[in-house]
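What follows draws every value from the coordinates through simple rules; no lab data is involved. Since this is a predicted model, take the numbers as computed values, not measurements. As a convention, Cβ positions derive from the backbone with ideal geometry for all residues, glycine included, and neighbour counts pool all protein chains shown.
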Amino acid sequence: GNSVTQMEGPVTLSEEAFLTINCTYTATGYPSLFWYVQYPGEGLQLLLKATKADDKGSNKGFEATYRKETTSFHLEKGSVQVSDSAVYFCALGNDMRFGAGTRLTVKP
Amino acid sequence: GAVVSQHPSRVICKSGTSVKIECRSLDFQATTMFWYRQFPKQSLMLMATSNEGSKATYEQGVEKDKFLINHASLTLSTLTVTSAHPEDSSFYICSARAGGNEKLFFGSGTQLSVL
């Protein structure tokens, strides 16, 4: 079945550092891929998505590229801010399989 | 954007009692709703998928007789935790999707504490 493997956290970075959170997947066919974010005390919300191979999703400075050859959808941001501190979830497909979540803490 | 309302946000109950959690899509018709369970600092575990008007599809290891899901209308799905025990204490989250739309909208979650 479909599954998602996500980089374990927690991740702690200084402000303006470069962020990468790895996500790889196993799936039949080519399902859409998503990154969701959960800020402290809030519910999950969609951060970005990609629907086919080589698509790049982007939002709020975050990017992720759907890589069919490496079955990956890594999340990146060039310069993180304190306000990016949250838990990030990679998700897959129509039945929305989620990764384990990666807690990011950005320190000033 | 679309709104999903989940109620209650927090419930404390005695062991052996049943608890019902509601999930409503407020401004769209949700043909599919998902129920998740989230343990502290862990991921969302998909419990079941419910399509309006049909029986829910449960994930392996989830007891369908314990976690009753009803999706009787296009705007409401309910999860009933029957005969709750302390090990059922967790954060339960619903999400909803309109037909043909991949985007999910999440409820704010329900923290269940069973004493």
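What to note about this one:
- Within segment B:1-49, all pairs of alpha-carbon atoms sorted by distance into 5 Å bins from zero give the percentages 5, 14, 20, 25, 22, 10, 4, 1.
- Taking every alpha-carbon pair in chain A and binning the separations at 10 Å intervals from zero gives 16, 52, 27, 5, 0 percent.
- DSSP-defined beta bridges in the protein assembly as shown - what % are antiparallel, rounded to 5: 90
- Placed amide H near A:G9: partners under 5 Å, 5+ positions off or other chain: A:R103
- B:L76 long-range amide H proximity, modeled H, under 5 Å: B:S25
- Exposure proxy ranking, count of Cβ atoms within 10 Å, fewest first, for B:F39, B:F105, A:F73, B:F67: B:F39, B:F67, B:F105, A:F73
- Calculated FRET efficiency for the pair B:S73/B:I12, C-beta based, R₀ 30 Å, to 0.05: 0.60
- Sequence-distant aspartates and glutamates (8 or more away, or on other chains) whose Cα lies within less than 18 Å of A:K107: A:E15, A:E16, A:E76, A:D84
- 5 Å-binned pair-distance histogram of the protein assembly as shown (Cα, whole percent): 1, 7, 15, 18, 18, 16, 12, 7, 4, 1, 0
- If you take the alpha carbon atoms of segment A:54-108 and fit the smallest convex hull around them, that volume is 98 Å³ per residue.
- If R0 equals 41 Å, the separation of the Cβ atoms of A:V82 and B:S113 corresponds to a calculated FRET efficiency of about 0.85.
- Here segment B:46-115 and segment A:1-54 have alpha carbon centers that stand 23 Å from each other.
- In terms of packing, defined here as the mean over residues of other Cβ atoms within 10 angstrom, the peptides B:76-82, A:53-59 line up highest first as B:76-82, A:53-59.
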